[in-house]
Amino acid sequence: MNYRQRYTLYVLFLVIVYSMPTVSQTIERSLDQGKFEIGIDYRYFKRNFPEGFNQLEWYNSNLVLRYGITEFLTFSFEGFVGKNSDGNPDRNYYDYRLGLGFGLKIISISNLKIMFGIHYLENLNFDKSENNYDKLQKSLITALGVQQSVNFSSAELLVFAYPTFVIDKVFEYTPLFHSSGTSLNNFGVIVGADLLAYEHFHFIAEVLYADYYQPRFGVGYIF
């Protein structure tokens, strides 16, 4: 199965999940067993690559789904289907994204938690013009860090810091050639805050630093 056939299956799956537009997820608060969250996030991405690729930069939004498998393990999914406003008159890009990950609560002592997370994302820029200049990005992020919570009458605030390893690979496919490149400077750090209000309303703001400052904002509802 080639990559175009594989992404046709991805698109069919994503269309079943949701029919309209809503990258890489990191460690959020763990969900209680059986709890389910749906939300959206918005993020900025920018990385350096070797000569020939230079920089990769984009803004996007994603649909985010999370589920508490156990008290300690939370599963996450993210996706997107939509047109890419690349601005290049010779391209007609559509984006297809699919990400999967896990967050693991290793230690919990009072209001202090040690968390580990891993998340994998694939992002295809599918060129529907006659040029067929497709681009594929694969991202893997792992993080291990600390969450500290502060409780209020109707809310809980988490502040967190995670040393992070994040690696991105880019592949370009044309009728004439294929090429690939791997991101530079793959160690970074994530800092941010996470607010849960009235046990259901979830807000997060964080910044990943790896080459550049890359903010992410999200909102969700926990059932």
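The values are calculated or read from the model by the stated rules, or taken from the named source; none is laboratory data. None of the values given here were measured: they were computed from a predicted structure. A quick note on method: Cβ atoms are made from the backbone with ideal geometry, for glycine too, and the neighbour counts reach across all protein chains shown.
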Strands (runs of 3 or more DSSP E) fully within segment 43-139 counting 1 or more residues that are within 22 Å of His202 (Cβ to Cβ) and modelled with pLDDT under 90
55-68, 73-83, 93-109
Those residues of segment 168-209 which are over 20 Å from Gln147 (Cβ atoms), of a type outside the set (D, E, K, R) and assigned to a strand (DSSP E or B), in sequence order
Val170, Phe171, Tyr173, His178, Ser179, Ser180, Gly181, Thr182, Phe187
Please work out if Val23 is under 13 Å from the mean Cα position of the chain (by Cα), closer than 15 Å to Asp95 by Cβ and modelled with pLDDT under 65.
yes
If Asp32 satisfies all but one of (1) modelled with pLDDT of 85 or more; (2) of a type outside the set (Phe, Trp, Tyr); (3) part of a strand (DSSP E or B), what's the number of the condition it fails?
(3)
Return the residue satisfying two criteria in turn: it lies in segment 155-194 and is surrounded by fewer than 16 Cβ atoms within 10 Å (Cβ to Cβ) and over 28 Å from Glu51 (Cβ atoms), and of such residues it is farthest from the chain's Cα centre (by Cα).
Ala155
All-but-one check, Glu156 against (1) of a type in the set (Asp, Glu); (2) modelled with pLDDT of 90 or more; (3) under 22 Å from Ser61 (Cα atoms), failing number (3)
